[in-house]
1. Could you give the size of the charge dipole of the protein assembly as shown about its Cα centre, using +1 on the Cβ of each K and R and -1 on the Cβ of each D and E, expressed in debye and rounded to the nearest 20?
2. Return a whole-number percent for the relative contact order of chain A, with Cα pairs under 8 Å and 6 or more residues apart as the contact set.
3. Taking the Cα centre of each part, how many Å lie between the range A:135-165 and the range A:215-233?
4. Treat every Asp and Glu Cβ in chain A as -1 and every Lys and Arg Cβ as +1, leave all other atoms uncharged, and give the resulting dipole magnitude about the Cα centre to the nearest 20 debye.
5. So which residues in the range B:245-273 end up with at least 30 square angstrom less accessible surface once the other protein chains are there, compared with the chain by itself, probe 1.4 angstrom?
6. Which of the listed residues, B:ALA286, B:ILE261, B:GLY212, is farthest toward the dipole's positive end in the range B:185-341, when Lys, Arg count +1 and Asp, Glu count -1 at the beta-carbon?
7. Once Lys and Arg get +1 and Asp and Glu get -1 on their Cβ, which of A:THR219, A:ILE9, B:PHE42 lies farthest toward the positive end of the dipole of the protein assembly as shown?
8. Once chain A is represented by equal point scatterers at the alpha-carbon sites, with solvent omitted, what log10 I(q)/I(0) does the Debye formula produce at q = 0.07, 0.13, 0.14, 0.15 Å⁻¹?
Amino acid sequence: MTKYILKRIFYLFITLFIIASLTFFLMKMLPGTPFSNQNRMSPDQLKIVKAQYGLDQSVGVQYVRYMVGLLHGNLGTSFQFNNEPVTSLIGQRLAPSMQIGAQAMIVGTVLGILLGAVAAIRKNTWADTLATFVSILGLSIPSFVLAVLLQFYLAYKWRIFPVALWDNFQSSILPTLALAALPLGTVARFMRTEMVDVMSSDYIELAKSKGNSNWKVVTKHALRNSLIPVVTIIGPMAVSVMTGSMVVENIFSIPGIGEQFVKSITTNDYPTIMGLTIFYSFLLIIVYLIVDILYGLIDPRIRLGNGGKE
Amino acid sequence: MEQIPQIPKEKFKLVHDENNTEQEKIGTPSLTYMQDVRRRLFQNKVAVVCLTLLSIIVLISVFAPIIAPHQPNVQNVTLSNLPPKLGNLNIPGMNGYQNMGGKMVDAYKQAGAPKGTSFILGTDYLGRDLLSRIIYGTRLSLVVAVLATLVDLLIGVPYGIVSGWKGGRTDTVMQRIVEIVSSVPNLIVVILMMIILKPGLTSIVIAIAITGWVTMARLVRAQTFQLKEQEYILAARTLGESSTKIATKHLIPNLSSTIIIQTMFTIPNAIFFEAFLSFIGIGIPAPNASLGTLLSDGQKAFRFLPYQMWAPAIILSIIMIATNLLGDGLRDAFDPQSSEH
């Protein structure tokens with residue numbers, strides 16, 4: 001196990017290194033410079049500004065500098081946002097994104113598990129149809145469409161929630177709902193398939209024939225065994241929540257990293273784009289790693305050593 | 001022990017002598033696998049409804065130039081932001097009346113539109129017919145979906161087959177590459193590519209293609225690994241068949257269910273990405289319509305003119321729901337065990 005984790009961490013660094021290099025050279029290939037709209041700058045001034053950001057050096061030197069900086073946890077300075085270091089820019093904006101992301105994941109997973117379980121237990125009844133319908137809606141309607149609709153009806157028309165504000169818990173409810181739809185749909189569907197499988201297995205038959213109440217069979221046996229595989233879809237779910245957060249944060253004007261990412265794209269702020277790309281990838285790889293380790297811990301039958309090969 | 005009385009032979013009679021052969025006959029013709037799949041698919045009502053809906057949408061987009069009532073990009077600023085109106089039918093919400101300061105006003109008359117003008121779904125802020133724009137936008141979304149699927153098939157399938165077939169070191173290297181590509185969030189790669197390339201259809205397809213093939217390659221590889229051990233492959237090898245021929249003659253037909261099902265999930269993904277990119281403003285450039293740009297335009301005016309957002313939102317959702325459900329139906333049809341517990 002320890003060996004496996006160490007190996008995975010080693011791969012993590014290699015992957016991050018490749019991603020960082022790729023992003024760096026991609027950014028260098030970009031047409032235009034962040035200073036192109038400052039037409040009034042004289043060539044001398046431009047030279048000074050470029051020197052300030054280290055853009056006067058050759059690409060190779062810049063690359064080495066960037067990589068060394070990365071090792072020290074330095075992601076460079078933003079061109080646009082008050083020359084702030086990218087790390088502090090991310091740091092300030094991490095909390096709202098994390099809060100909404102975590103809330104959406106929790107709400108989506110819990111509701112999804114309930115919905116999927118109900119659908120499986122009441123298979124082929126109206127409850128099943130309704131649950132399946134809700135999960136398909138959650139899966140299919142893009143989060144940004146849902147966000148706009150929620151904002152219009154719940155916030156603007158019926159004034160239940162604030163329209164676009166970030167201060168207390170109440171203001172986080174709408175974005176959470178908009179983001180939770182996709183995990184909810186995914187989990188509910190997955191859960192239903194798993195649970196239908198489990199409910200027809202021998203040990204459930206045995207538990208029933210021993211005279212256990214239905215409730216006990218479901219909570220003690222069926223639910224537990226169906227939950228294990230759900231762990232595997234946490235990774236992809238995290239990705240979808242991250243993706244969704246970029247627009248949803250924008251729509252509800254939440255000062256999070258998703259909103260920052262979109263903003264830096266529209267303003268050609270390369271260091272911030274690069275920093276956030278690396279940061280997002282880092283988060284994602286960590287999530288995948290944790291999920292894999294968790295899965296190994298929960299279900300020891302999975303041999304981690306051979307990377308899941310048959 | 002009591003003796004069993006003899007039963008006279010005349011008491012035995014053949015029942016239904018003439019029908020005997022008829023009964024023994026196998027009634028239904030034996031079905032090939034694909035026929036069986038088709039039968040199971042058409043038994044699934046939801047899948048049939050989705051298939052019909054999607055066919056209608058595809059047909060409308062293919063014949064968009066004939067069907068669309070107006071040119072999608074022609075502007076007429078005097079007729080901007082008109083509400084939906086369906087001929088002279090007086091259906092509430094579709095009669096060209098608009099709430100202005102608490103009073104319902106005939107927006108068409110106010111804008112000075114010539115008599116008889118009607119836009120079924122209204123017009124946008126530049127006076128362009130929304131219905132035509134939605135038809136053309138759907139067409140564009142479907143083009144993105146088709147191209148993304150093609151790339152998926154052209155890169156993902158061969159990659160997966162080669163990786164699975166060769167095995168060993170080749171496989172390890174190829175899988176490492178897959179791991180690295182898939183560990184970057186798709187959207188980030190797509191966005192990076194969109195920044196570097198010029199916004200437009202080609203860039204969107206390239207950007208989606210760079211990340212999209214990974215899942216397909218993974219599935220195909222896993223399946224190839226299993227197929228490789230099958231006896232008919234061994235037989236083909238023993239007979240001296242070349243690897244390319246085995247791949248095209250034996251592997252691909254047996255992989256077809258995996259490939260078709262995965263394709264059905266690539267399509268909504270591609271459509272979502274296009275809409276997403278256009279929505280945040282780095283997708284299809286103006287003035288061309290796509291579902292994403294229509295949504296983003298509609299969102300800006302949603303407070304006062306909700307119909308401008310509703311129409312594209314509904315179409316996009318219908319396409320997404322229908323492809324997802326059809327994908328489910330196809331999976332059940334190809335693999336009946338997955339649903340018949």
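1. Its charge dipole is roughly 660 debye.
2. Relative contact order comes out at 25 percent.
3. First find each Cα centre; the distance between them is then 31 Å.
4. The calculation lands at about 500 debye.
5. In the range B:245-273, residues shielded by partner chains: B:PHE272.
6. B:ALA286
7. A:ILE9
8. -0.39, -1.05, -1.14, -1.22
The values are calculated or read from the model by the stated rules, or taken from the named source; none is laboratory data. Quick caveat, the model's predicted, so the values are computed rather than measured. Because the Cβ atoms are built from the backbone with ideal geometry, glycine has one as well, and the counts that use them run over all protein chains shown. With ligands, DNA and RNA removed, areas are computed over all heavy atoms of the protein, side chains included. Shrake-Rupley method; radii C 1.70, N 1.55, O 1.52, S 1.80 Å.
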